[in-house]
Structure formats: C-alpha cells, structure tokens
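Quick note: the coordinates plus some simple rules give every number you see, no bench work behind them. Everything numeric in this text was worked out from a predicted model, so none of it was measured. Cβ: placed from backbone, ideal geometry, glycine included. Neighbour counts: every protein chain shown.
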Amino acid sequence: MASPEAVEALLRTTDLFGGLPEAVRADCATAFREVRFEKGRTLFVHGDRGTHAHVIAEGRVRLTLTTAAGRELSVRIAEPGSLIGEIAALDGGARSADATAISAVVAQAISAADLDRLIGRHPDLARAAVRLLCARLRATTDQMEGIALHSIEVRLARFLLEALGGRTGEAGRRPALELGYSQSELARLIGSSRPKTNLALGSLEAAGAIRRTADRLFCDPARLAAIAGVDDG
C-alpha cells in the first residue's frame, strides 16, 4: 500500500488536486485507498451509480461509450495521474461511460461521500472541481466537433498534437511518440475504423507530418498543425 506521502505526490500530478495548497492536498490524500485491477477488468459501467472516483497510479484505463448497435467510441485513455469517475462521484448520478483496464492497474480510490466532505471543508477544492468539469465539457465539445465536422486526417493530426503536449524536439529532430496502444484503440479515440485510420496515417506520412517505425511515430509539429488547422505557435 502507498504511504500518505506517496499518495500526496500522486495527487500533485492531477488536474483536480495539483494546484491546491500542500496542506489541503495532504488532507485529501488521507481519504484515498489503494485498489488494483487486472488487465481486462471493468472498473465501472455506463449507468452504474458513481460510488468512487479513481486516480490512476500505474497502468491505463479505457473510457468508452457503446451504441445499441455495438459500436464503440473511446472517450479517452486514462494514464498515470489521470482522474476518472469524478463526474458521477461529484453529482451522485450515473456513470457517463464504461471504464476498462487495458493493462494491470493500480489506482487510488476516494468515495463520493469523502470527496463531498472534503469539498465542503476546502473551498479551494470546490473551485478546482468547477474548473475541472469545465475543462471536461470543453474537451467533450471539441471531440464531438471533430467527429462531426472534420476529416479523419484532421482529427488524427489534432490528436497527435495533443499527445505531443507542446514538445517540438531538438533542433533538426522530430519528437517521438510512443502511444502504447494499438491502431484499433487509436481509431476508437478519433471516432474512426482501423482501416481508415491506417489510411490517414499513410496520408500524414506522405505529407511529411509523421514518420512511422514499428513502435513510434516521429512527428513534425508544424506540419501537423497545418493539417489540423491550428496555430502551432
């Protein structure tokens, strides 16, 4: 089990708890309990009651929506430092997506009751929760806009730019991306199929925006930005 100091250090990497005063974050850390999930295990299902939120310490979790016809859309991949399940834990409503471990996962869990108690005790945490939910709403709106209005190549270029996180690489060298998941998973994240995503990767490579190896993508941020229609500066 992780020590309180280790939990506090993990919370420091999250959007919700990272900007809090150290004493507030340390108080929050005492409410978390370690949980583990095997690869392929379901953490929660769309429509379930939200009893806990989780901060991922190790591994990856896929958040998905599934249509009645069985088509899946990956909302996002949660990696170490990611907070998941916070919406239902905050409002007491139903889960908004399915969550599945795509590798062995170690997480820190906080109950909805404890989260509510901490928000009542610490106004800084309440303000941080509002900012986090606004950011989630913007991200969801952007994802819906991308799927509805933009080509697969544009959606893929935008996804890769976000994954780069502003990295530009050393002079004359392209920054490398190790996505760590399959092309099928990438397709779900951009709302496409695997064959179409493979064609889009080929188009970006032909345009000089990426270079593919067996396990990496070497990206040209400026060319990706031009394809994505965003300002790279």
Select from region 54-131 those trypsin sites (Lys or Arg not before Pro) which occupy a DSSP coil region and have at most 15 other Cβ atoms within 10 Å, ordered by residue number. R71
Suppose we flag GluC sites (Glu not before Pro) only when DSSP calls them loop and at most 11 other Cβ atoms lie within 10 Å. Which is the longest uninterrupted stretch of the chain? 39-169
Please report the Cα spread of region 186-232 along all three principal axes, rounded to whole Å, starting with the longest. 27, 23, 16
Can you give me the Cα centroid spacing of region 185-206 and region 20-60 in angstrom? 31 Å
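Expected output is a single nm value to one decimal: the length gained when fully extending between T42 and T168, i.e. 0.36 nm times separation in residues minus the C-alpha distance. What is it?
Values: separation 126, 0.36 × 126 = 45.36 nm, distance 3.63 nm.
Extra length from T42 to T168 when fully extended: 41.7 nm.
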With r defined as the distance between the Cβ atoms of E145 and R194 and R0 fixed at 25 Å, what FRET efficiency is calculated, to the nearest 0.05? 0.65
Selected from G50, G85, A225, residue furthest toward positive end of dipole (the chain; charges at beta carbon): A225
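With charges only on Cβ, +1 for K and R and -1 for D and E, what is the dipole size of region 106-233 about its Cα centre, in debye, rounded to 20? Intermediate values should be presented prior to the final figure.
Numbers: 18 positive and 15 negative charges, 19 e Å.
Once rounded to the nearest 20, the dipole reads 100 debye.
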Only helical DSSP H runs with n ≥ 4 go in: add -39500 (n - 2.57) per run for the chain, normalise by residue count and round the 222 nm mean residue ellipticity to 500 deg cm²/dmol. -13000 deg cm²/dmol
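How big is D, in µm² s⁻¹, for region 111-233 by Stokes-Einstein at 4 °C and 1.567 mPa s if Rh is the Kirkwood radius over C-alpha pairs?
Values: Rh = 16.3 Å.
The calculation lands on 79 µm²/s.
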Per-residue HN-Hα couplings for region 43-49, Karplus 6.51 cos²θ - 1.76 cosθ + 1.60 at θ = phi - 60°, whole Hz, x for Gly and Pro? 7, 7, 10, 3, x, 5, 6
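Quick check on the chain: what does the Kirkwood estimate of hydrodynamic radius come out to from the alpha carbon pairs, in Å?
Values: mean 1/r = 0.0526 Å⁻¹.
Answer for the chain: a Kirkwood hydrodynamic radius of 19.0 Å.
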May I ask which residue of A112, T168, L20 lies farthest towards the positive end of the charge dipole of the chain, with charges of +1 (Lys, Arg) and -1 (Asp, Glu) on Cβ and the Cα centre as origin? T168
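Averaging sequence separations of C-alpha pairs under 8 Å and six or more residues apart, then dividing by the length of region 97-204, give the relative contact order as a whole percent.
Computed value for region 97-204: 23 percent relative contact order.
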Any idea what the dipole of region 1-116 comes to, in debye rounded to 20, about its Cα centre with Lys/Arg Cβ at +1 and Asp/Glu Cβ at -1? 500 debye
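If the only charges are +1 at each Lys and Arg Cβ and -1 at each Asp and Glu Cβ, what is the size of the charge dipole of the chain around the Cα centre, to the nearest 20 debye? Numbers along the way, then the final one.
Numbers: 30 positive and 29 negative charges, 108 e Å.
Dipole size: approximately 520 debye.
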Based on alpha-carbon atoms only, what is the radius of gyration of region 35-117 relative to the globular estimate 2.2 N^0.38 Å? 1.03
Run the numbers for S103 and A176: contour at 0.36 nm per residue of separation, minus the present Cα-Cα distance, in nm. 24.1 nm
Net charge, A187 excluded, C-beta distance under 9 Å - Lys, Arg +1, Asp, Glu -1: +2
